[in-house]
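Inspection log for the structure reproduced underneath, given as structure tokens.
Please treat every number below as a calculation from the coordinates, not as lab data. Computed from a prediction, not measured in an experiment: that's the story for all the values here. Here the Cβ positions follow ideal geometry from the backbone for every residue, glycine too, while neighbour counts run over all protein chains shown.
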Amino acid sequence: MSDKARLKQIILELSYEKRKVVLASGRESDFYFDGKQTTLHPEGGYLTGKLFFEAIKDVEQVEGVGGLTLGADPIATATSVVSFLEKQPIPAFIIRKEPKGHGTGAWLEGRKNFKPGARVVIVEDVVTSGGSSIKAIKRAEEEGLKVLGVVTLVDREEGGRENIEKEGYWLKSIFTKSEVLA
Ligand SMILES: O=P(O)(O)OC[C@H]1O[C@H](OP(=O)(O)OP(=O)(O)O)[C@H](O)[C@@H]1O
Ligand SMILES: O=C(O)c1cc(=O)[nH]c(=O)[nH]1
């Protein structure tokens, strides 16, 4: 079985839930992908890292991978670890939803691994409206990074791609919702 086929099995088993839920955008839905159930699973996290690394390794001399906490955190870390194992090390970063209230006051964690203008990819577990990805893009750019595009584990195909592209960035998905549920 391919890495992608196995990851789909894990997503269906651990992350896909049929229930009524309010989403980050305020929309209501009758299903949910709880991405962290997969990305924090030992095999799920490893396969996520492998597939995200494959998706970004040849992209426009990528120099970093990160995203908005919390969904992005295990994905960025797994991708970075796999990149080291594959001898093309790509450092990870985490963007906070609020700046740290004491100590460094930082919005962005992992800063020392990035020079100004470093070319980075934003990662997400789920894209619905794309609002969280766009927030991450804007914050990363305000922090001096050059964002190339976004990679998500699951694209729910609910307008996120269009909204991200409208901002001038590409979106790649490991899976669309249709692929997961096929
Ligand atoms: O495309 P959007 O409409 O923005 O929705 C998708 C976002 O929603 C979820 O995050 P959530 O805010 O639930 O937070 P968490 O990652 O901290 O759990 C998910 O991890 C994405 O970041
Ligand atoms: O839109 C969201 O907030 C959302 C949808 C989903 O399926 N999973 C998730 O983590 N967030």
- Figure the gain on full extension for Glu143 and Ala5 (residue separation times 0.36 nm, minus the Cα-Cα span) and round it to one decimal in nm. 46.0 nm
- Message: Check which residues have an amide H placed less than 5 Å from Asp34's amide H, if you skip close sequence neighbours.
- Response: Tyr16, Glu17
- Query: So who's got an amide H within less than 5 Å of the one on Trp107, skipping anything under 5 residues away but keeping other chains? H placed 1.01 Å off N, in plane.
  - Reply: Lys100
- Message: I'd like to know how the chain sits against the 2.2 N^0.38 Å rule of thumb: what's its Cα Rg over that expected value?
- Response: 0.98
- Do any trypsin sites (Lys or Arg not before Pro) in the stretch 85-182 lie in a DSSP loop with no more than 16 other beta carbon atoms within 10 Å, and if so, which? Lys87, Arg96, Lys97, Lys100
- Item | Pairwise centroid distance, computed over Cα atoms, of the stretch 94-169 with the stretch 18-43, Å | 19
- Note on the structure: Amide H contacts under 5 Å for Thr176, restricted to residues at least 5 apart in sequence or on another chain and with H modeled in the peptide plane, are Asp155
- Taking 0.36 nm per intervening residue step and subtracting the Cα-Cα distance, what contour gain separates Lys97 from Asp34 on full extension? 20.8 nm
- Using the Kyte-Doolittle scale, find the helices of the chain whose mean hydropathy is at least 1.0 and whose Cα atoms extend 18 Å or more along the helix's long axis, counting only whole DSSP H runs. 72-85
- Item | Given Lys36/Lys135; Lys4/Lys166; Lys18/Lys135, the pairs whose alpha carbons are separated by over 22 Å | Lys4/Lys166; Lys18/Lys135
